[in-house]
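**Q** Quick one: this structure, given as structure tokens, is what I'll be asking you about.
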Amino acid sequence: MSEPARHAVATDQLDTGSLALFVGFAASQLVQEQLAEQGFGDLRFSHGYVFQHLVDDARPTVGELAAKLDMTQQGASKAVVELERLGYVERVPDPGDARARRVVLTARGRAAVAAARQARSTLDDRLAARFGADRLAEHRALLAQLLDELGGTTDVRRRGVRPPA
């Protein structure tokens with residue numbers, strides 16, 4: 001059996017959701033590899049859930065972060081402590097409340113975000129070169145429509161994607 005046919009047999013048995021999930025996992029793995037090559041090999045996929053709430057100069061407290069991630073304050077604090085230890089975030093005083101501390105990206109954190117964005121752009125360029133820009137755009141549009149149909153668009157737009165339960 002030829003290589004494409006062997007792959008078709010395996011993937012044609014997958015439902016749409018699983019296939020999209022596995023494509024996402026494969027793409028994320030490639031991005032992770034690119035990040036590692038640029039010195040960010042200590043970042044994990046799960047860190048992205050925290051990062052989405054820190055880009056665009058957002059400055060949540062650990063409690064606000066916990067609520068946005070739908071997790072306990074202890075769990076959010078653990079994630080922040082890990083990212084602090086790795087040098088991606090820091091806690092700074094809240095200018096309006098001396099008792100509160102805000103979580104912000106460090107220069108290393110901002111560099112990691114930029115590197116991840118570049119890695120995803122490079123992957124998109126690779127896929128467009130392989131499959132054609134129009135065809136890729138058509139499939140991206142379909143995936144966006146599927147996301148909307150299944151109720152996920154709002155969370156993505158407001159950077160409110162939560163870790164799987």
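**Q** Return the long-range amide H neighbours of residue 89 (sequence gap of 5 or more, or a different chain), with a cut-off of under 5 Å between placed amide H atoms.
**A** So residue 89 has HN proximity to 84, 106.
**Q** Let me ask something else about it. Would you mind telling me which residue in 11, 61, 153 has the biggest mean-square fluctuation in a Gaussian network model of the chain, where springs connect alpha carbons within a distance under 10 angstrom?
**A** For the chain, modelled as a Gaussian network with Cα springs under 10 Å, the answer is 11.
**Q** Could you state the per residue volume, in Å³, of the convex hull enclosing the Cα atoms of the stretch 36-77? Intermediate results must be reported in sequence, preceding the final value.
**A** On the way: hull volume 3.4 nm³, N = 42.
Taking only Cα atoms, the stretch 36-77 has a hull volume of 80 Å³ per residue.
**Q** Given the DSSP H assignment, sum -39500 (n - 2.57) over each helix run of at least 4 residues in the chain and divide by its residue total; what's the result at 222 nm in deg cm²/dmol, nearest 500? Write down the numbers at each step before the final one.
**A** Working: 8 runs with 105 residues, N = 165.
Calculated from helices alone, the mean residue ellipticity at 222 nm is -20000 deg cm²/dmol.
**Q** Oh, and also: Quick one: among 50, 23, 89, which has the greatest mean-square fluctuation in a GNM of the chain with alpha-carbon springs under 10 angstrom?
**A** Highest fluctuation of the listed residues: 23.
**Q** Using a 1.4 Å probe on the protein heavy atoms, what percent of the accessible area of the chain belongs to carbon and sulfur?
**A** 55 percent
**Q** Just report the Cα centroid separation between the stretch 12-86 and the stretch 115-165, whole Å.
**A** Cα centroid of the stretch 12-86 versus Cα centroid of the stretch 115-165: 16 Å apart.
**Q** Might you tell me the accessible area per residue for the chain, computed with a 1.4 Å probe and given in Å²?
**A** 67 Å²
**Q** Here is a further query. Under 5 Å between amide hydrogens, which residues at least 5 positions from residue 102 or on another chain qualify, with H placed 1.01 Å from N in the peptide plane?
**A** Amide H neighbours of residue 102, under 5 Å, 5+ apart: 92, 94.
**Q** Work out from phi, with θ = phi - 60° and the Karplus expression 6.51 cos²θ - 1.76 cosθ + 1.60, the ³J(HN,Hα) of each residue of the stretch 119-132, listed in order in whole Hz, and give x for Gly and Pro.
**A** Each residue's phi maps through the Karplus curve to give 5, 5, 5, 4, 5, 4, 4, 4, 5, 5, 5, 6, 10, x Hz.
**Q** How large is ³J(HN,Hα), in whole Hz, for each residue of the stretch 26-41 in order, when computed from phi with the Karplus curve 6.51 cos²θ - 1.76 cosθ + 1.60 and θ = phi - 60°, using x for Gly and Pro?
**A** Using θ = phi - 60°, the values come out as 5, 5, 4, 4, 5, 5, 4, 5, 5, 4, 4, 5, 9, x, 10, x Hz.
**Q** What would the Debye formula give as log10 I(q)/I(0) at q = 0.12, 0.19, 0.21 Å⁻¹ for the alpha-carbon point model of the stretch 47-165, no solvent?
**A** Listed by q, the Debye log ratios stand at -0.56, -1.07, -1.18.
**Q** What residue among 115, 98, 20 has the largest mean-square fluctuation in a Gaussian network model of the chain, using Cα springs under 10 Å?
**A** Ranking 115, 98, 20 by mean-square fluctuation puts 98 first.
**Q** Now for a separate question. Using the Karplus curve 6.51 cos²θ - 1.76 cosθ + 1.60 with θ = phi - 60°, what ³J(HN,Hα) values do you get for each residue of the stretch 16-24, in whole Hz, with x for Gly and Pro?
**A** The phi angles translate into 4, x, 5, 4, 5, 4, 5, 4, x Hz.
**Q** Now for a separate question. Probe radius 1.4 Å, ligands and nucleic acids left out: which of 135, 102 has the largest accessible area, and how do the rest follow?
**A** Sorted descending by solvent-accessible area, the residues read 135, 102.
**Q** Can you tell me the orientation of helix 73-86 relative to the chain, as the angle in degrees between its alpha-carbon axis and the longest Cα principal axis, to the nearest 10?
**A** 80 degrees
**Q** Give me the percent of Cα-Cα pairs in the stretch 1-116 that sit more than 19 Å apart, rounded to a whole number. Don't jump to the answer; show the numbers that get you there.
**A** Values: 3739 of 6670 pairs.
Beyond 19 Å sits 56 percent of the P(r) for the stretch 1-116.
The values are calculated or read from the model by the stated rules, or taken from the named source; none is laboratory data. Note that the coordinates shown come from a computational prediction; the quantities given were computed from them, not determined experimentally. All accessible areas refer to the heavy atoms of the entire protein, side chains included, with ligands and DNA or RNA removed. Shrake-Rupley method; radii C 1.70, N 1.55, O 1.52, S 1.80 Å.
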